[in-house]
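Taking it in order: structure first as C-alpha cells, then the write-up.
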Amino acid sequence: MLIAVGSRNAVKIQAVKKALSLYESFWDAKVVGMDVLSGVSAQPTSIEETIHGATNRAKNAFQRCEYSVGLEDGLLAVPSSRTGYMNVCACILYDGKHDHLGLSSGFEYPPKVLRLVFEEGLEISQAFYQAGLTKDPMVKHAEGAVGILTKGRLSRRDYTAQAVMMALVSLENPQLYEQE
C-alpha cells in the first residue's frame, strides 16, 4: 500500500508514519513525501484557508497511491483566547473519493509572534526566529513552535500525528458517517 504525503518536510512524513503505525491495516504501508502546492499563503490565517491548503496538498499528492495526506498548520480566530487566535494542524486523508478531515489540538502563539505574522507577513518559523524564540530559522523542520512552547513535552511530529489520527476516525468507521 502506498500513501503519498503532500510535503517533503521530514517531520510531516514522520508524523504520518507514527500515526499509521497504530493501525494494523496500515502496517504494510509505504509512506512517501511529494512536493506539491498548497494553493494558500505560507502562513494560513483562518480555518478555511488552513483546511483548503490541506485539501489541496492531499489532492495534488494523489498519484498512483491508495491514499494521500495533506497537512497544513494555520491560525483560527478563537473567542476568549488571550491573543484571539490559536494554531491547529489540519489533516485531509484522501481516498480518491472522500476527504477525511482531522484537526490537532490547538494552542496560542505569543503576541509578538502573531504581530510578525499579521503585520510583516512572516510564517511561524520566521516569526519565531525573528522574535528570538529560536536560533533555527527553519524550526518547522525540527521540534516546531509547539515543541518550543511546550518545552519539549510535545514535538511537532506528535502534534501533527494527532491530526492524522483524527482524520482516520471517519475512514475507520465509514458506517457511522454515511449520509442518511
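At-a-glance table
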{"quantity": "Ranking of 17, 12 by count of other Cβ atoms within 10 Å, fewest first", "calculated": "17, 12"}
{"quantity": "Projected-area mean, the chain, by convex hull of Cα positions, square nanometres", "calculated": "10.7"}
{"quantity": "Quarter of Cα convex hull surface for segment 12-102, i.e. mean projection, nm²", "calculated": "6.6"}
{"quantity": "Spacing of the two label points (7 Å from each Cα toward its C-beta) at residue 41 and residue 95, in nm", "calculated": "3.5"}
{"quantity": "Projected label distance in nm at residue 112 and residue 28, using a 7 Å step from Cα toward the beta-carbon", "calculated": "5.3"}
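Bear in mind that the values in this text are calculations on the coordinates, not laboratory data. All of these numbers come straight from a predicted model, not from anything done at the bench. With ideal geometry, Cβ positions are generated from the backbone for all residues, glycine too; neighbour counts draw on all protein chains shown.
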